[in-house]
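The values are calculated or read from the model by the stated rules, or taken from the named source; none is laboratory data. Since the model is a prediction, treat every value here as computed from it, not as a measurement. Here the Cβ positions follow ideal geometry from the backbone for every residue, glycine too, while neighbour counts run over all protein chains shown.
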Amino acid sequence: MPHLVEVWKEYAPQGLAFLALTDESEKIVVGGLERRNTEVPAYPIGCSSQSGRSFGVRGIPAAFLLNYDGEIVWQGHPGGDEWVKLLPDLLAEAADAGPTWNPGKRSEALSKAVEAAKSGKLRNAKVEAERAAKKSPLEAKQFLADLASTANRRLERGNMIANKFRPQEALNYFDIQIAAFKGSGLEKEMLSAVKAIKGDKVNKTILGLDKKRLKAIDTLRKGDRKKALKDLKSLAKKAEGTDIEDVVKETLEKARG
């Protein structure tokens, strides 16, 4: 059985975030930790929380694992290791979901390129790497190759999302990536992919439905589960017979938990 603190320490550097919630007051929580001589966890603890109702919690402890998009991908008792096994793939997916890129440890000559990449300025990262090529040609060449590989991987991810009949989600994803890579030349294929998604006849018929699906997910993230479920149920009826029908149903089932 995994120890939560150990799991957090191992995966937090890769982006895993923990949030503990309890309906007990802060005084009771702190008192309990002191009586057990237990160190307060480094991750945050929300006291006097009513979120259990929003998530439909019926027994404790209860845990929910969310992906980068805020969707619940697993829920259950945290004592097992099922959710821990999901972390590597989910964290790898999350690493490419946003505009930033962590190149890992590189030589000092590439420090500016690394800093730009981590802040999501991938065009600047390329420029800085090209400048660094004068002092460290091999390291700079590898950095640029890895940057291009990152762009290709994200291009594939965007196309995969679109091919799963989630066109608006794919467009939103490409907007983020194109802005990050803009001016580097590595965004050209992404721009072509966006044009193809918008020009596809099937996508034209379901773009509006997918936009409403994403809006419902955002409502759920904000904590209004009741409204999100209502909107998704209504959307499921509208989506019947379309290519996005199964996507909406899946989103509804995840929202229901």
Exercise. Exactly one condition in (1) assigned to a loop (DSSP other than H, G, I, E, B); (2) modelled with pLDDT of 80 or more; (3) loosely packed, with under 14 Cβ neighbours inside 10 Å is not met by residue 40; state its number.
Key: (2)
Quiz item: Out of curiosity, is residue 250 farther than 30 Å from residue 131 by Cα and modelled with pLDDT under 95?
Solution: yes
Quiz item: Looking only at residues in region 170-204 that are buried (at least 20 other Cβ atoms within 10 Å of the Cβ) and touching a residue at least 60 places away in the same chain (Cβ under 8 Å), which one is farthest from residue 151 (Cα to Cα)?
Solution: 173
Exercise. Being on the phi > 0 side of the Ramachandran plot, of a type outside the set (Ser, Thr, Tyr) and surrounded by 14 or more Cβ atoms within 10 Å (Cβ to Cβ) narrows it down to one of 120, 98, so name that one.
Key: 120
Quiz prompt | For residue 101: the one exception among (1) at pLDDT 95 or above; (2) part of a helix (DSSP H, G or I); (3) within 15 Å of the chain's Cα centre (by Cα); (4) of a type in the set (A, V, I, L, M, F, W, C) | solution = (2)
Quiz item: When region 123-161 is examined, which residues are found to be surrounded by fewer than 18 Cβ atoms within 10 Å (Cβ to Cβ) and more than 26 Å from the chain's Cα centre (by Cα)?
Solution: 127, 130, 131, 133, 134, 135, 136, 137, 138, 141, 142
Exercise. Mind telling me which of the residues 150, 251 ends up being in contact (Cβ under 8 Å) with a residue 12 or more places away in the chain, touching a Pro at 6+ places or on another chain (Cβ under 9 Å), among the β-branched types (Val, Ile, Thr) and not assigned by TED's automatic domain parsing to the domain that holds residue 69?
Key: 150
